[in-house]
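*Asks:* Quick one: the structure is below, questions incoming.
Each value in this text was obtained by applying a stated rule to the coordinates, not by laboratory testing. Owing to the predicted nature of the structure, the values given are computational and were not obtained by experimental measurement. We place every Cβ from the backbone using ideal geometry, glycine too, and count neighbours over all the protein chains shown.
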């Protein structure tokens, strides 16, 4: 063991707080895609309600309850969409990236650049219409630590991909 070895005590008040980090929100245009996806889900669920009431005999007596509960569920889904949109945040730092999301329970994932194995940019049909993309990070930790930052502009996603790729290359050298 070397003579310069030290093992200093770290106090909890000296640890930087994640709450003090200023994170960026996703593009405002992405809420249009979120609302469209919820609307599509609502239409499919309405069709399912109509079919079940029409073709399943005993369900017909509960049709009003089914329709009212479906409307209430839709109201909850659409109100939570706005909250979900506001809580999707990210930040790229010198050695890692953080992504936070969630509605009732907020999840914050911190990924050091040396754990990233692969990056990919994805664009669906609606994302192309709004010139948005998602940046997917695949890590050595498995699917639980993989994150996808949805709602970035295509140009921002490409720039962040290049930035992180350069960081990863620098680490490997």
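*Asks:* Mind pulling the angle between the C-alpha long axis of helix 63-87 and the longest principal axis of the chain? Nearest 10 degrees, somewhere in 0 to 90.
*Replies:* 20
*Asks:* So between residue 106 and residue 173, what do we pick up on full extension, going 0.36 nm a residue minus the alpha carbon distance?
*Replies:* Length gained, residue 106 through residue 173: 20.6 nm.
*Asks:* With N denoting the number of residues in the chain, provide Rg(C-alpha) divided by 2.2 N^0.38 Å, to two decimal places.
*Replies:* 1.44
*Asks:* Something else now. Given the DSSP H assignment, sum -39500 (n - 2.57) over each helix run of at least 4 residues in the chain and divide by its residue total; what's the result at 222 nm in deg cm²/dmol, nearest 500?
*Replies:* -15000 deg cm²/dmol
*Asks:* Sort 75-84, 146-155, 160-169 for me by packing, meaning the mean count of neighbouring Cβ atoms within 10 Å per residue, highest on top.
*Replies:* 146-155, 160-169, 75-84
*Asks:* Kindly express, to the nearest 10 degrees and within the range 0 to 90, the angle between helix 30-55's C-alpha long axis and the longest C-alpha principal axis of the chain.
*Replies:* 40
*Asks:* Go through 7-18, 112-123, 47-58 and give me the packing order, highest mean Cβ count within 10 Å leading.
*Replies:* 112-123, 47-58, 7-18
*Asks:* With the contact rule set at Cα under 8 Å and sequence spacing of 6 or more, what percent relative contact order holds for the chain?
*Replies:* 18
*Asks:* Rounded, prolate or oblate: pick one for the stretch 89-172, where a ≥ b ≥ c are the square roots of the eigenvalues of its C-alpha gyration tensor, a/c under 1.5 means rounded, and failing that, prolate if a/b is larger than b/c, else oblate.
*Replies:* Oblate is the answer for the stretch 89-172, as a/c is 1.5 or above yet b/c matches or exceeds a/b.
*Asks:* Compute the helix-to-body angle for 154-172: its Cα long axis versus the longest principal axis of the chain, expressed 0 to 90° and rounded to tens.
*Replies:* Roughly 40 degrees, rounded to the nearest 10.
*Asks:* Give the value in nm², to one decimal: projected area of the alpha carbon convex hull of the stretch 30-84, averaged over all directions.
*Replies:* 3.6
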